[in-house]
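Worksheet for the structure shown next.
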There are 2 protein chains.
Amino acid sequence: MRLRVDLIPRPPYGESAVVLIDVLRATTSIAILLELGAREVWVTPRVSTARQAARDGDLLLGEREGIPPEGFHYGTSPVELSKLDVKGRRIFYTSDNLPVALEKIAYRGRVYLAGFRNAATLVDNLVKDETDSVAVVCAGFRGAEALDDALAAGFIARSLRLRLGADLSLGDAARLAASLLDAYANPVDGLWASASGRFLNRLGYGDDLALASLIDAGQVLPVLDKVRKVEGVPLYRFVPRA
Amino acid sequence: MRLRVDLIPRPPYGESAVVLIDVLRATTSIAILLELGAREVWVTPRVSTARQAARDGDLLLGEREGIPPEGFHYGTSPVELSKLDVKGRRIFYTSDNLPVALEKIAYRGRVYLAGFRNAATLVDNLVKDETDSVAVVCAGFRGAEALDDALAAGFIARSLRLRLGADLSLGDAARLAASLLDAYANPVDGLWASASGRFLNRLGYGDDLALASLIDAGQVLPVLDKVRKVEGVPLYRFVPRA
């Protein structure tokens, strides 16, 4: 298997699978929602688009400056979301970062969302599928490399390396990301040092960092299965990988 | 001081100083040439441009697939260059990587070349100048992040941090690069793991990695002082920072 790691999205992507990482917090939160039995999670950048697309019984999740917008049910803190009963629900999830990355990736093959909690499930699926090439793409933070995403990418790189040994070929950015794990004995220390970790902590979401750094805490791998547009604004549907 | 690290060039740059890193091998070799007393080093991407611009007595340095092009005096191995008598000579140095990065940076302020050997001199100068913001830009390797350059950027970030303490503000990529030093007790191990290090080793230039990883081995900081064009192809002149 060939592994490519991008510390920020750098299209085009021709790999057999693309794994997108936004560990603080979107890919962590969406994995948790699907673990809890949500039927599907639609990701969209625009609050008004989410409102427009949702029907009765759907859940609207999003935050602006740490507060859910008007008419939204909850924010996007994984700690808060993990306490909800979302079984069978359709969810609309607004995010600044994730849709930008998804649009850049513009990929027609398999797109997964991953973080520390479902890295093992990701690796299982990549190996089971006999994937010949995979791109692990960090969403980054405000257009630049993010330490938290790079650490999660490094964790995935190292997990693949342990599983595949010399059958994995990896580039410099993958080695670089994997090396970060030597610097942070516990990944949560890296999340605390990251810009988005410090930002979330200032907003009172410090507990999200501990949750996002939990390794193999879930076994659900979100996979993109549909994209639609409402008045030109994309909505990306994620469901659990079977 | 604000420190920005780019693991590959990502213009624009508005910082007070830009530090370019291509540790294997251009920034290491050019620093050594100026340490040895070369009067000036002109960097250009094109072999024919170097030939055209050189006059009698000038030295032409370059490599294609590890071999100096016809009419060139030497290659660009820092180990080989460190044995030359270049005192007072004008040098034309062809490089694939460095001119691409210089063109992307397109910066009109101070541009330095740095690596492990002159990091301390760089820090001295940045502090002496009371620089308010600096961008450390890795040239990268074949358009992607390079482990060797990222390590050198991390070494500079850490050196600045040691000198300035809390007076240095640094972004995620700077933290990320600095963290790499915890993974490689000796930077040369990171150079061996890097794609360009492995490439050079295959060409028989393994000794260059040991030389490029020497810390504080030189006290000369190359600074860009002039750009000219010959038939549209740029030549960048570097001299020792006074």
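Can you tell me the dipole magnitude for chain A around its Cα centre, using point charges on the Cβ only (Lys, Arg +1; Asp, Glu -1), in Debye to the nearest 20?
Computed about the Cα centre, the dipole is about 520 debye.
Looking at the P(r) of the range A:1-73, how many percent of alpha-carbon pairs lie beyond 21 Å?
43
Roughly how big is the A-B contact, given as buried accessible area in Å² (both sides, 1.4 Å probe, nearest 100)?
On the way: alone 10520 and 10500 Å², together 19170 Å².
So the buried area, both faces added, is about 1900 Å².
Could you tell me what a quarter of the Cα convex hull surface of the range B:19-138 works out to, in nm² with one decimal place?
Taking a quarter of the hull surface, the average projection is 7.7 nm².
With the cut-off at 32 Å, tell me which of the pairs B:LYS104/B:LYS128; A:LYS229/B:LYS104; A:LYS104/B:LYS104; A:LYS104/A:LYS128; A:LYS104/B:LYS128 have Cα atoms farther apart than that.
Working: B:LYS104/B:LYS128 27 Å; A:LYS229/B:LYS104 36 Å; A:LYS104/B:LYS104 22 Å; A:LYS104/A:LYS128 27 Å; A:LYS104/B:LYS128 42 Å.
In this structure, A:LYS229/B:LYS104; A:LYS104/B:LYS128 lie more than 32 Å apart at Cα.
Rounded if a/c is under 1.5, else prolate if a/b beats b/c, else oblate: with a ≥ b ≥ c from the C-alpha gyration tensor eigenvalues square-rooted, which is chain A?
prolate
Please label the shape of the range B:37-102 as rounded, prolate or oblate, based on the square roots a ≥ b ≥ c of the eigenvalues of the alpha-carbon gyration tensor (a/c under 1.5 means rounded; beyond that, a/b larger than b/c means prolate, else oblate).
Verdict is rounded for the range B:37-102.
Taking just the alpha carbons, could you work out the radius of gyration and Dmax for the protein assembly as shown, both in angstroms?
Just the Cα atoms of the protein assembly as shown yield Rg and Dmax of 24.4, 83 Å.
Label-to-label distances across copies for B:ARG51, with labels 7 Å out along Cα→Cβ, in nm, shortest first?
6.8
Using a cut-off of under 16 Å, list every residue of the range B:139-175 whose amide N is near the label point 7 Å from the Cα of A:ASP182 along the Cα-to-beta-carbon line.
Answer for this model: B:147-155.
Could you report chain B's accessible area per residue, 1.4 Å probe, as an integer in Å²?
With all protein chains present, chain B gives 40 Å² per residue.
Work from the charge dipole of the range B:120-242 (Cβ charges, +1 for Lys and Arg, -1 for Asp and Glu, about the Cα centre) and give the residue of B:ALA166, B:LEU224, B:LEU151 farthest towards its positive end.
Projecting each Cα onto the dipole axis, the largest value belongs to B:LEU224.
What residue among B:GLU63, B:GLU80, B:GLU130 shows peak mean-square fluctuation when chain B is described by a Gaussian network model with Cα springs under 10 Å?
Maximum among the listed residues: B:GLU130.
Over the range A:82-156, with every protein chain in place, what whole percent of the accessible area is carbon and sulfur at 1.4 Å, could you tell me?
The value for the range A:82-156 is 47 percent carbon and sulfur by accessible area.
With both bridge residues required to lie in chain A, what share of the DSSP beta bridges run antiparallel, to the nearest 5%?
Given both bridge residues lie in chain A, the antiparallel proportion sits at roughly 35 percent.
Count the DSSP beta bridges whose two residues both fall in the range B:23-112, then state the antiparallel fraction as a percent rounded to the nearest 5.
Among the beta bridges of the range B:23-112, antiparallel pairing accounts for roughly 10 percent.
How far apart, in nm, are two points set 7 Å out from the Cα along the Cα-to-Cβ line at A:ILE215 and at B:ARG202?
Spacing of the two 7 Å Cα→Cβ label points: 3.2 nm.
Lysines near B:LYS83 by alpha-carbon distance under 28 Å, same-chain residues fewer than 8 away left out - which ones?
B:LYS226
Where the centre of each part is set by its Cα atoms, how far does the range A:98-131 sit from the range A:192-211, in angstrom?
24
Using just the Cα positions, wrap the range B:176-227 in a convex hull and report its mean projected area in square nanometres, one decimal place.
About 5.5 nm², averaged over all directions.
Suppose R0 equals 51 Å. What FRET efficiency, 1/(1 + (r/R0)^6) with r the Cβ-Cβ distance, do A:ASP225 and B:ARG55 give to the nearest 0.05?
0.20
Averaged across B:165-176, how many Cβ atoms of other chains sit within 10 Å of each residue's Cβ atom?
Mean number of neighbouring Cβ atoms from other chains: 5.
Give the residue from A:ALA53, A:VAL137, A:LEU113 lying farthest towards the positive end of the charge dipole for the range A:14-170; charges sit on Cβ (+1 for Lys and Arg, -1 for Asp and Glu) and the dipole is referred to the Cα centre.
A:ALA53
For the protein assembly as shown, give the share of DSSP beta bridges that are antiparallel, in percent and rounded to the nearest 5; count only bridges with both residues there.
Beta bridges within the protein assembly as shown, antiparallel portion: roughly 35 percent.
Measuring from a point 7 Å out along Cα→Cβ, what nm distances, shortest first, does A:VAL100 have to its partners in the other copies?
Spacings between copies for this position, smallest first, are 2.6 nm.
Let me know the Kirkwood hydrodynamic radius for the range A:109-242, please, with Cα pairs as the basis and the value in Å to one decimal.
Values: mean 1/r = 0.0627 Å⁻¹.
Its Kirkwood hydrodynamic radius stands at 15.9 Å.
With contacts defined as alpha carbon pairs under 8 Å and 6 or more residues apart, what's the relative contact order of the range A:57-190 in percent?
17
Could you please report the charge total around B:ARG2, scoring K, R as +1 and D, E as -1 over all other residues with beta-carbon less than 11 angstrom from its beta-carbon?
Here the count lands on -2.
Give me the inter-chain shielding for B:5-17: mean count of other chain Cβ atoms within 10 Å, whole number please.
So the per-residue partner count for this stretch is 2.
Show that you can apply the helix-only estimate: for the protein assembly as shown, add -39,500 (n - 2.57) for every DSSP H stretch of four or more residues, divide by all residues, and state [θ] at 222 nm to the nearest 500.
Rounded to the nearest 500, it is -11000 deg cm²/dmol.
Is the shape of the range A:73-132 rounded, prolate or oblate, going by the alpha carbon gyration tensor and its root eigenvalues a ≥ b ≥ c, with a/c under 1.5 for rounded and a/b larger than b/c for prolate?
Oblate is the answer for the range A:73-132, as a/c is 1.5 or above yet b/c matches or exceeds a/b.
To the nearest 20 Debye, how big is the dipole of the protein assembly as shown about its Cα centre, given +1 on the beta carbon of each Lys and Arg and -1 on that of each Asp and Glu?
860
Tell me, what HN-Hα J-couplings in whole Hz come from the Karplus equation 6.51 cos²θ - 1.76 cosθ + 1.60 at θ = phi - 60° for each residue of the range B:142-149, using x for Gly and Pro?
My calculation for the range B:142-149 gives 6, x, 10, 4, 10, 4, 5, 5 Hz in order.
Using a simple spin-label model with points 7 Å from Cα along the Cα→Cβ vector, what separation in nm is obtained for A:LYS83 and B:ARG108?
That separation, rounded to one decimal, is 5.6 nm.
Given the options A:ALA54, A:ALA119, A:ALA212, state which has the largest fluctuation in a GNM of chain A using a 10 Å cut-off (strictly under) for Cα springs.
Evaluated over chain A, the most mobile residue of the options is A:ALA54.
What average count of beta carbons from other chains do you get within 10 Å of the Cβ of residues in A:184-197?
2
With each pseudo-label sitting 7 Å past Cα toward Cβ, what's the A:VAL233-A:ASP167 distance in nm, one decimal?
With each label point 7 Å from Cα toward Cβ, the separation is 4.5 nm.
With unit charges on the beta carbon (Lys/Arg positive, Asp/Glu negative), name the residue among B:VAL188, B:SER213, B:PRO68 whose Cα is farthest towards the positive pole of the charge dipole of chain B.
Of the candidates, B:PRO68 comes out farthest on the positive side.
Going 7 Å from Cα along the Cα-Cβ axis for the label, what nanometre distances separate A:GLY165 from the same residue across the other copies?
Label-point distances to the other copies, shortest first: 5.2 nm.
The values are calculated or read from the model by the stated rules, or taken from the named source; none is laboratory data. From a predicted model like this one, the values you see are computed outputs, not experimental measurements. Cβ: placed from backbone, ideal geometry, glycine included. Neighbour counts: every protein chain shown. Only protein heavy atoms, including side chains, enter the accessible area calculation; ligands, DNA and RNA are left aside. Shrake-Rupley method; radii C 1.70, N 1.55, O 1.52, S 1.80 Å.
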